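> Got a structure here, written out as structure tokens. Questions coming.
The values are calculated or read from the model by the stated rules, or taken from the named source; none is laboratory data. Here the structure is a predicted model, which is why all the values come from computation and not from measurement. Here the Cβ positions follow ideal geometry from the backbone for every residue, glycine too, while neighbour counts run over all protein chains shown. Remember, those area values only see protein heavy atoms, side chains included, never the ligands or the DNA or RNA. Shrake-Rupley method; radii C 1.70, N 1.55, O 1.52, S 1.80 Å.
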Amino acid sequence: ELAFGILQSDYSREEWRSVWRQAGKRVRHGFNYGMGVRTMRAQLLTDIPGFSLAERECTDALHRLAIACPLEEHRKAEILMQVQTTRRMTTPFGRVIRYYQPWDSQIGKAALAYRPQSTAGDILNRGLVKFHAYWHEVDPQVKVMATIHDAVKWSCPSHMVDTTLQIAL
């Protein structure tokens, strides 16, 4: 609603969820990570079948978010200044990345994405270590199989699905 200046109540539940909510998520991520208007529009048109949006509408969406989220704009400016000045970024968990190449917008975009993406990974990994240790003691049939971005795959006997899901959550 905020990004596009529209009301959820003007759309069917299905259209809202499959089109506008998805578009809003992509615009918000684009805003958070410093994505350019052209790249964001191309992603929207590629990711959402049948979606149509002019470049100007993408510009307006990013502008609305900037006005509505001044703290986010301030956070992004602080990150960019820190990386330009110190050539490094530190996550809340103390993970450090150093930027050695000459400054450009790609380094800035990478820096904007680094803290939230790596922090989410750190939280997930810490949780998985606890999940694994718990089940190793309680029932070694439950095993973490893989993680991909923010998803986890584990195996367990079929009668334990609800229990393992509850503990994972």
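> Using the heavy atoms of the protein chains and a 1.4 angstrom probe, tell me the accessible area per residue for segment 55-112 in square angstrom. Walk me through the intermediate numbers first.
On the way: 3660 Å² over 58 residues.
Ligands and nucleic acids excluded, the figure is 63 Å² per residue.
> Go through Val152, Val142 and list them by solvent-accessible area, largest first, probe radius 1.4 Å.
On the way: Val152 50, Val142 10 Å².
Of Val152, Val142, the descending order of accessible area is Val152, Val142.
> Sort 27-34, 52-59 by the packing proxy (mean of other Cβ within 10 Å over each peptide's residues), most packed first. Walk me through the numbers before you get to the answer.
Working: 27-34: 19.0, 52-59: 14.1.
Packing proxy ranking, top to bottom: 27-34, 52-59.
> Probe 1.4 Å, all protein chains in place: accessible area of Met81 in Å², nearest 10?
Accessible area of Met81: about 110 Å².
> Could you tell me, in Å, what Rg and Dmax come out for the Cα atoms of segment 12-169?
20.0, 57
> Relative contact order of segment 102-169: what whole-number percent is it, with Cα pairs under 8 angstrom and at least 6 residues apart? Please list the in-between numbers first.
Values: 38 pairs, mean separation 13.8, N = 68.
Reported relative contact order: 20 percent.
> How large is log10 of I(q)/I(0) for segment 3-100 at q = 0.14 Å⁻¹ when the intensity is taken from the Debye formula with one equal scatterer per alpha-carbon?
Taken in order of the listed q values, log10 I(q)/I(0) reads -0.64.
> Turning to a different aspect of this structure: In percent, how large is the relative contact order of segment 1-128, given Cα pairs closer than 8 Å and 6 or more residues apart? Mind showing how you got there, number by number?
On the way: 104 pairs, mean separation 30.3, N = 128.
This gives 24 percent for segment 1-128.
> Sequence-distant or interchain residues sharing an amide H contact under 5 Å with Arg88, placed H: which?
Those qualifying (amide H under 5 Å, at least 5 residues apart or on another chain) are Tyr99.
> Still on this model: Step through the residues of segment 151-160 one at a time and calculate ³J(HN,Hα) from phi using the Karplus curve (6.51 cos²θ - 1.76 cosθ + 1.60, θ = phi - 60°), rounding each to whole Hz and writing x for Gly and Pro.
Ordered by residue, 3J(HN,Hα) equals 10, 10, 10, 9, 10, 7, x, 4, 6, 10 Hz.
> From the backbone phi of segment 99-112, what are the Karplus-calculated ³J(HN,Hα) couplings (6.51 cos²θ - 1.76 cosθ + 1.60, θ = phi - 60°) in whole Hz, Gly and Pro given as x?
Listing the rounded values in order: 10, 9, 6, x, 5, 7, 5, 5, 5, x, 5, 4, 5, 5 Hz.
> Then there is this: Determine the share of the chain's accessible area contributed by carbon and sulfur atoms, expressed in whole percent, with a 1.4 angstrom probe.
Values: 6180 of 11060 Å².
Accessible surface attributable to carbon and sulfur in the chain totals 56 percent.
> Another question, if that's okay. Counting other Cβ atoms within 10 Å, which chymotrypsin sites (Phe, Trp or Tyr not before Pro) in segment 88-169 have at most 13 and lie in a DSSP loop?
On the way: sites: Phe93, Tyr99, Tyr100, Trp103, Tyr114, Phe131, Tyr134, Trp135, Trp154; in loops: Phe93, Tyr99, Tyr100, Trp103.
Sparse-neighbourhood loop chymotrypsin sites (Phe, Trp or Tyr not before Pro): Phe93, Tyr100, Trp103.
> Which whole-Hz ³J(HN,Hα) couplings does segment 10-20 yield from phi under the Karplus relation 6.51 cos²θ - 1.76 cosθ + 1.60, θ = phi - 60°, glycine and proline marked x?
So the J values, rounded to whole Hz, are 7, 10, 5, 4, 5, 5, 4, 5, 7, 10, 6.
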